[in-house]
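The values are calculated or read from the model by the stated rules, or taken from the named source; none is laboratory data. Everything quoted here is computed from the prediction, not taken from an experiment. No Cβ is skipped: glycine too gets one built from the backbone with ideal geometry, and neighbour counts run over all protein chains shown. Quick note on the areas: whole protein, heavy atoms, side chains included, nothing else; ligands and nucleic acids left out. Shrake-Rupley method; radii C 1.70, N 1.55, O 1.52, S 1.80 Å.
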Amino acid sequence: MLKLEEQQSLGEASCALSEIVTKPNRSLTLDLVRRVESVSSTHSQHHGKLTVHAEECFSSRTTAEMMLSCLDLESKDLFSKCDPFLVISKLVESGISIPVCKTEVLKNDHNPTWKPVFLNIQQVGSKDSPLVIECFNFNSNGKHDLIGKVQKSLADLEKIHSGREGENLFLPTLVGHDCENKILKSKLFVGNFSETIQHTFLDYLAGGVELNFMVAIDFTASNGNPRLPDSLHYIDPSGRQNAYQKAIYEVGEVLQFYDTDKCFPAWGFGARPIDGPVSHCFNLNGSNNYCKVEGIRGIMMAYTSALFNVSLAGPTLFGHVINKAALIASQSLADEAQKYFVLLIITDGVVTDLQETKDALVKASDLPLSILIVGVGGADFKEMEILDADKGERLESSTGRVASRDIVQFVPFRDV
């Protein structure tokens, strides 16, 4: 309610959030600066210090797992059995309910047991926050019938589990001008209830884990002649960044804060270095035996230099750079170093060695490695989404081995 323009400013300070959370005690002391404007110049004066401390809410790390089931559900359709599913919603102060979780639909089942439900405590507010659990009968037209519901907190659901007694569902019914809850014979049971602490990114940083950033850039001929303005590799004399430079800068600017030495392995692929055959993994800095460059500026300079020292070729093969990154991650693991690696691959086209890439990713899925693929330009990247197992199906190698986890995130640059 204060009018800030009428108050006296004592000073200001700014920093990136990463500067605070990477400190051992998550505290950072900054100089307060007051900007004094004069006719001739603007200069800064120091006016004390400001200490900022970051703290993670404990509730955000606690997840409750429950197995929910119902007994004696009533049929809503005259000629068919019940197809039930549950919707769990939290009640907010205004009285409305916000859905936070939904189970799968079980066909023709009056005594359903659904797959385990996971609820983050932060998602629902607290263990004592009221939740509405509604049981619906599925209809293909989208107008699902409410079979019954209960209103309980997570603490209540834990008690239902420990008491092994079911809770009767009720159905709001209109009696005259009033709404009354009709108690049903149908019951909700909580088969198991457990809480786990999910370790977060900040936990790993506090434990001493260091992030290491790596980059691989596509130099295949489909990018176009770098000397022509319509090429994705065109270096604009005005200083305007091309898509590759933007992607390096946007991702690198975030990750570099968590990389202590800020020396990044940087490679190119799909080009013919001077007096050599086509290479699908060459050092961006032109060195034969040292792949690292210093900082984001180092990557930018090596990238620009490489454009004038290689001939764009093809095809688009990812396997070589993934295997190179995996080798570095496996050596770090063997040395018992607390490091996690992030490989950024920037490409303009669909990968040619799809099965070889899958094999490399499945093999690397046990390592401390994540791969971010950024697609630049206007190509159809549908095939690339196969590598990103966001739809639940994990990658499978040519020998039938399934990836132990999803380590790929694919992003078309035009979408962001």
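The spacing between region 390-416 and region 300-357, judged by their C-alpha centroids, is 16 Å. FRET efficiency for the pair Asn225 and Leu30, taken as 1/(1 + (r/R0)^6) with r the Cβ-Cβ distance and R0 = 56 Å, rounds to 0.70. How much mean residue ellipticity at 222 nm does the chain get from its helices, if each DSSP H run of length 4 or more adds -39500 (n - 2.57) and you divide by all residues, to the nearest 500 deg cm²/dmol? Calculated mean residue ellipticity at 222 nm is -5500 deg cm²/dmol. Taking each residue as 0.36 nm, the span from Leu333 to Phe308 lengthens on full extension beyond its C-alpha to C-alpha distance by 5.4 nm.
Packing-based ranking of 381-389, 120-128, 214-222 yields 214-222, 381-389, 120-128, ordered from highest to lowest mean Cβ neighbour count within 10 Å. Shown for the chain: the carbon plus sulfur share of the solvent-accessible area, taken with all protein chains present and a 1.4 angstrom probe, equals 52%. Pairs from the list Lys23/Lys262; Lys152/Lys185; Lys81/Lys127; Lys49/Lys292 with a Cα-Cα gap above 28 Å: Lys81/Lys127; Lys49/Lys292. Comparing Cα centroids, region 96-124 and region 237-257 end up 42 angstrom apart.
Legend: helices of the chain (whole DSSP H runs) are marked when their alpha-carbon atoms reach 20 angstrom or more along the helix axis and their mean Kyte-Doolittle hydropathy is at least 0.5; marked are 319-334. Using the 1.4 Å probe convention, the accessible area of the chain works out to 56 Å² per residue with neighbouring protein chains retained. Only one of (i) 20, 38, 33, 9, 0; (ii) 24, 51, 23, 2; (iii) 21, 51, 26, 2 was calculated from the structure for P(r) over Cα pairs in 20 Å bins from 0, in percent, and its label is (i). Going by a ≥ b ≥ c, the root eigenvalues of the Cα gyration tensor, does region 226-330 fall in the rounded group (a/c under 1.5), the prolate group (a/b larger than b/c) or the oblate group? In terms of gyration-tensor shape, oblate. Of all DSSP beta bridges confined to region 209-412, the antiparallel ones make up roughly 30%. Simple spin-label estimate for Asn288 and Val105 gives 6.6 nm between the two label positions (7 Å along the Cα-to-Cβ direction from each Cα). For region 60-197, the alpha carbon convex hull comes to 122 Å³ per residue, rounded to a whole number.
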